[in-house]
Amino acid sequence: MPGRTSRTLTERAIRIFEAPVVWMERWEHRQKLRQMDDRILRDIGLSRADIYREARKPFWRA
């Protein structure tokens with residue numbers, strides 16, 4: 001199935017180019033979480049320990 005192969009390659013290429021954008025967004029979100037004060041964290045149901053664990057994740061890990 002030649003059509004399927006080219007579609008699969010196209011989908012892979014798109015994912016390759018999207019990956020750095022997703023990684024940067026994850027990193028930015030984690031940095032913003034680190035800057036939130038404890039009151040805001042309580043409001044959204046997170047603890048400082050939750051944020052610490054999330055912030056320590058590598059940017060490529062969801």
**Request:** Would you mind working out the magnitude of the charge dipole of the chain relative to its Cα centre, with +1 at each Lys and Arg C-beta and -1 at each Asp and Glu C-beta, to the nearest 20 Debye?
**Result:** 240
**Asked** How much of the accessible area of the chain, in percent, comes from carbon and sulfur atoms when a 1.4 Å probe is used?
**Response** 59
**Message:** Just to verify a number: FRET efficiency for A62 and M36, C-beta to C-beta distance, R0 = 22 Å, to 0.05?
**Reply:** 0.65
**Computed E for E11/E54 - FRET, C-beta separation, R0 22 angstrom, nearest 0.05** = 0.15
**Sparse-neighbourhood loop sites, trypsin sites (Lys or Arg not before Pro) in the chain - DSSP loop, at most 16 other Cβ within 10 angstrom** = R56, R61
**Message:** Keeping every protein chain present and rolling a 1.4 Å probe, give me the accessible area per residue for the chain in Å².
**Reply:** 89
**Request:** Tell me, rounded to the nearest percent, the portion of alpha carbon pairs in the range 13-62 spaced more than 14 Å apart.
**Result:** 54
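The values are calculated or read from the model by the stated rules, or taken from the named source; none is laboratory data. In this text, all values refer to a predicted model and were calculated from it rather than measured experimentally. We place every Cβ from the backbone using ideal geometry, glycine too, and count neighbours over all the protein chains shown. In case anyone asks, the SASA skips ligands and DNA or RNA and just uses the protein heavy atoms, side chains included. Shrake-Rupley method; radii C 1.70, N 1.55, O 1.52, S 1.80 Å.
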